[in-house]
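J.: For reference, the structure I am asking about is given below.
None of the figures in this text is laboratory data; all of them are computed from the coordinates on show. Because the structure is a prediction, the values reported are computed rather than measured. For neighbour counting, all protein chains shown are included, and Cβ atoms are generated from backbone atoms with ideal geometry for every residue, glycine included.
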Amino acid sequence: MMINTTTLLAKKSVHTETALDVSALPAYFAATPGWAQDGPRIVKTFHFKNYYETLAFINAIAYVIHAEDHHPELVVTYNRCIIKFDTHTVNDGKGGISENDFICAAKVDAIFQQSFS
């Protein structure tokens, strides 16, 4: 199956205990530009004009994150938000990267592109 943004946007996160194979990661990163691997997680920094826009973005992604039941670590400053996704249930609870991380990354990117870019 071909991985692209449209495919990821159409999917829903599901409970998993299986991390993605390392050989699959390049295709997922190609479908989610700007996201990078940071150990057992994927990370992206979003930049804004001011604190109000930063908080508006967080509020905008809150529903999607909740609906997907896949909650990232957020680092919030005046004009940026760093989002870190990983899947805590993979690798015997040690965490790692699953397709759920990329599904949510694509959905967060779509919100940013629609409202903040």
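J.: Cα atoms only: what Rg and Dmax, in Å, come out for region 37-117?
T.: 12.7, 41
J.: I need 98, 23 ordered by Cβ neighbour count within 10 Å, fewest first.
T.: By the 10 Å Cβ count, ascending: 23, 98.
J.: In whole Å, what is the distance between the alpha-carbon centres of region 54-105 and region 25-46?
T.: Each part reduced to its Cα centre gives a spacing of 12 Å.
J.: Now, a different point. For residue 94, list the lysines whose Cα falls under 19 Å from its own Cα; do not include residues on the same chain fewer than 8 positions away.
T.: 84
J.: From Cα pairs below 8 angstrom and at least 6 apart in sequence, can you work out the relative contact order of the chain, rounded to a whole percent?
T.: Relative contact order comes out at 35 percent.
J.: Under a straight-distance cross-link criterion of Cα-Cα below 15 Å, which aspartates and glutamates are reachable from residue 12, leaving out those fewer than 8 residues away in the same chain?
T.: Filter leaves 68, 69, 99, 101.
J.: Next question, about the same structure. What's the FRET efficiency of residue 74 with residue 17 using the Cβ-Cβ distance as r and R₀ = 25 Å, to the nearest 0.05?
T.: Using R0 = 25 Å, I get an efficiency of 0.55.
J.: Follow-up question, since we're still on this one. Quick one: what do you get for region 73-112 if you divide its Cα Rg by 2.2 N^0.38 Å?
T.: For region 73-112, the normalised Cα radius of gyration is 1.33.
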